[in-house]
Amino acid sequence: MLERCQSAQERFNGVHKLIDNWLHERRELVKAYDAVDVEQRSSNPKRKTQKEFCQVLVDYVSAGHFEIYEQMNDEAKAFEDDKGLEVASTIYPRLEAITQAALDFNDQCDGKDHRPDCEKLAAKFQVLGELLHERFELEDCLIEVLHNAHKQKEEVQAIEA
């Protein structure tokens, strides 16, 4: 499911360095998710893998909210992109809800041994995977609408100057 999202960095290759780094972090999040998923199917899941996933998860969602979204919003304002800002305003509430679900998952699982509660954790983990997939699609939309549209305007302004 999440593997389809790994190609996002390829689709947006060449965009701002911060966004490139963030998309690299996304790939790391998907790898960490896959590692936990594989371990959950084993007879002896490791808490270390789960803890590492939670750390990457929190880092990724935090970067989105405290760096990337703000930068793309500022870029849209600078280019007076009302359409982009309108799209962003419809997407942000859903991204916030998914962020809260990710943080709740982290609070419930980070560093804790869940062997007696494996079935509940596995179900929550699968739901989180679906939410992350949705989040990646929404973030890709923001990059397309906010960042890539302004890249074209930057090129036009550079030619005119």
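The values are calculated or read from the model by the stated rules, or taken from the named source; none is laboratory data. This is a predicted model, so every value here is computed, not measured. A quick note on method: Cβ atoms are made from the backbone with ideal geometry, for glycine too, and the neighbour counts reach across all protein chains shown.
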Could you please tell me which pairs satisfy a Cβ distance under 8 Å, a separation of 6+ or placement on different chains, a first residue in the stretch 81-102 that is in a helix (DSSP H, G or I), and a second residue that is among the aromatic types (Phe, Trp, Tyr)? 88/69; 92/69; 95/69
Out of 102, 97, 88, I need the residue that is of a type in the set (A, V, I, L, M) and modelled with pLDDT under 95. Which one? 88
Residue 8 passes all but one of (1) modelled with pLDDT of 85 or more; (2) buried (at least 17 other Cβ atoms within 10 Å of the Cβ); (3) out of contact with any His (no Cβ under 9 Å at 6 or more places or on another chain); which number fails? (1)
